[in-house]
Amino acid sequence: MKCGLLLALGVPCAQAQTPSCSLDEVYRASFESSASVTLTGLVTGISIADIEVRSGDRVLATVGTTDGRFELVVPAGTAEGFLELRARGRAAQGQEFVELASWVGPQQYARGLRDAQGRVGVSKLSGLAVTPLSTARYVLVAGGAPRAVNECQLEAQLEALDSGAVLERAAVIKLIIENGGLFPGVSNPSKGVAPSTTLNVVADTTQLTGQINGIESERPGALAQTVGLLGENFCDYFSPQAVFVSGERLRGTLLNTFSGEIYSVTGAGRGQHAESFGKDGFDFTCAGDVLTATMDGTRVSANFPVRTVNGVARQVTQEIRTSQIQLRRLDSSINEIVVVAGLTSVGSFPNDPSLPDEVTSGERTLSLIRTPRATPLDEAQFRGQVWSLPSVQENSPSNQIGAELIQFAATGNDATRVENGEPLTWSVNARGELELVFASRTARVIPIRDDAGAIDALGAVDRQDGNSSISGGFMAQVVPAADWMSEAAVPAHYTQYAARSSNPFQWRLAADRAAPAFSGAPGSETLSFTLYWSRPDADTVILRRCRGDNGSGGIVEKVIVDREPEAGECSAFYRRRELTLLNSVANPNGSGRYLWMLEDNKDWNSGTPLSSPPSFRFLRTILYLREEPAVKAASGAHGPLATPRDRDRSWHGDYPVD
């Protein structure tokens, strides 16, 4: 085949070779399926869309998505056929012109890939990713070859496509979406071809030519740049290393804490993978859009499920090792490469050898950081300053994120950990990453994205004992702020992550020191529990919750405000949440202020609080949105707070939901 219009733009292209295919099953449309199958897929290019699975002209199921993820059930009893997906943007978002498509394959083939729950995802069936690239392949197969009747034929047809024609059409789709609609100067469509959607444009040569001309007129060079981006060698990203974060975080659909991981090439066919549970080596192969890593299995995480041993159900220890990771590129942009990771893990029972190993599979969406959105770090911004940095929580499970305050010297490259005075040295490397050297470990802080008042970053820690781990979080500079200079300024409505999460969690600090906590979206919040707040200084607010004996053998909520509990007072449970204000900025998205805080969470489930180690501690840098007006306390909920003894009463009233 010829590379067509692509060569005229000065972009090289390669010809794909038809593979030899070992599959020879023929899936006939003459009978009905005997079982349902759940298709778990992903749309890229748009997040809010309506998805349908089709077989020819029949629509088998539809569903909407607001984050690009979707599940569609092809029910049992559906006549066998060749499945395809369509994704359409919505007029409410001004994206009704977006239409994407993908070939899935024979229904029987998809059903044969199901897991124990009857589901099949992108990592097993790549046609479940509906992207600009899949749309380009869809129209080229639909318009240039007889309809495939089995998976082998579909695979051969997709592999035989002119790669230049695929990249050209995918790039046009991406640029139309970025433009917010079709470019001006589009030619009339060919006779009988519907206009106005991305799918129709790339399926019709007349419309395609008109859009290419419009793109070159409006954005000279953009098409060649986008084609080059989509055609970059996926395998090259891993040498020397590829940094990933959870995909939803980077694209902004879930702007709360996030995970990170790093893949590094260490030799020919060898690499190392580091994530929150540690590191593991692997052998790998990489070709096209897929890297497959066969893990060494030295990284172990623990689970404690209930299993039946010798006829008795009891909790057992399970050791979980990842055996394989497959990374598949789905889409590319200047900042990120959208990747789906398919994982296979093996769970063994070291203390109960009679139990068989359990093999599980799953997948997650990742963003490979192609170009960090954060400004590279500079040594000048640290000298003489205090910063809160992401780290691995030393006294919590290894998959918990953490934070630590670092005081940087005004000159030189010395620094001190504020919490315990631990000395360290530091520098900023050529990539704009902060490197910290402690006596027992080294850490690298990788900036990912600039935020209002903070930086989203990964903390990669290597310890002297050979263990490594990665944590995602925020790094924020300590800048004096006046938000809590007076106690009267504290009462307000505080929403975690500035409502940038799927299930907002809110505090409503009231003038009478009550601090009820609500969860859920605005208008449907539910009261979770109530704490009480005090302000020991201008930068700190402490929240407390106490449960203890009421003197009659019952456990009740007690009111502890501006003191620590006495011995035996909070015998059932004590929570102490200390919020230290790091800095604050105006909310860039509306009213209120962003308050960046260091949040130190400690729980005691038994024993004497403060004089014994907490049963749980969670230290993190976190964002809150503070909104006015201050929320009033519920009338008659409790009496005036006077002496500590007077405060020892239960919380009885409900708190109003505004």
Checklist entry - Peptides 332-339, 354-361: what's the order by average Cβ count within 10 Å, highest mean first? => result 332-339, 354-361
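Rounded to the nearest 20 Debye, what is the dipole magnitude of segment 471-568 about its Cα centre when Lys and Arg each give +1 and Asp and Glu each give -1 at the C-beta?
Values: 9 positive and 11 negative charges, 52 e Å.
Charge dipole, segment 471-568, about its Cα centre: 240 debye, nearest 20.
Measure off, as a whole percent, the carbon and sulfur share of the 1.4 Å-probe accessible area of segment 370-508, all protein chains present.
51
What's the FRET efficiency of Asn310 with Ile555 using the Cβ-Cβ distance as r and R₀ = 35 Å, to the nearest 0.05?
0.45
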Item to check | Whole-number Å³ per residue for the convex hull built on Cα positions in segment 201-354 | outcome: 178
Checklist entry - Restricting attention to segment 503-563, which trypsin sites (Lys or Arg not before Pro) occupy a DSSP loop and are surrounded by at most 13 other Cβ atoms within 10 Å? => result Arg563
Next on the checklist: Once you keep just the Cα pairs under 8 angstrom separated by 6 or more residues, what percentage relative contact order results for segment 449-565?
Outcome noted: 13
Checklist entry - For segment 439-508, what relative contact order do you get, as a whole percent, if you take Cα pairs closer than 8 Å and at least 6 residues apart? => result 19
Checklist entry - Where only protein heavy atoms count, and the probe is 1.4 Å, what is the accessible area per residue for segment 529-611 in Å²? => result 38
Item to check | Cα→Cβ-extended label distance, 7 Å offset, between Glu216 and Val300, nm | outcome: 6.3
Next on the checklist: Please list, ordered by chain and number, the residues whose modelled amide H lies under 5 Å from the amide H of Leu60; skip anything fewer than 5 residues away on the same chain.
Outcome noted: Val53, Arg54, Ser55
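Using only the Cα atoms of segment 299-454, construct the convex hull and provide its projected area averaged over every direction, in square nanometres to one decimal.
Projected area, direction-averaged: 13.0 nm².
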Checklist entry - Counting other Cβ atoms within 10 Å of each Cβ, which chymotrypsin sites (Phe, Trp or Tyr not before Pro) in segment 66-166 have at most 11 and sit in a DSSP loop? => result none
Next on the checklist: Give me the extension gain from Glu159 to Thr292: residue separation times 0.36 nm, minus the current Cα-Cα distance, reported in nm with one decimal.
Outcome noted: 46.0 nm
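The values are calculated or read from the model by the stated rules, or taken from the named source; none is laboratory data. Remember, predicted model here, so these are calculated numbers, not experimental data. Positions of Cβ are backbone-derived with ideal geometry, glycine not excepted, and every protein chain shown enters the neighbour counts. For accessibility, only protein heavy atoms count, side chains too; no ligands or nucleic acids. Shrake-Rupley method; radii C 1.70, N 1.55, O 1.52, S 1.80 Å.
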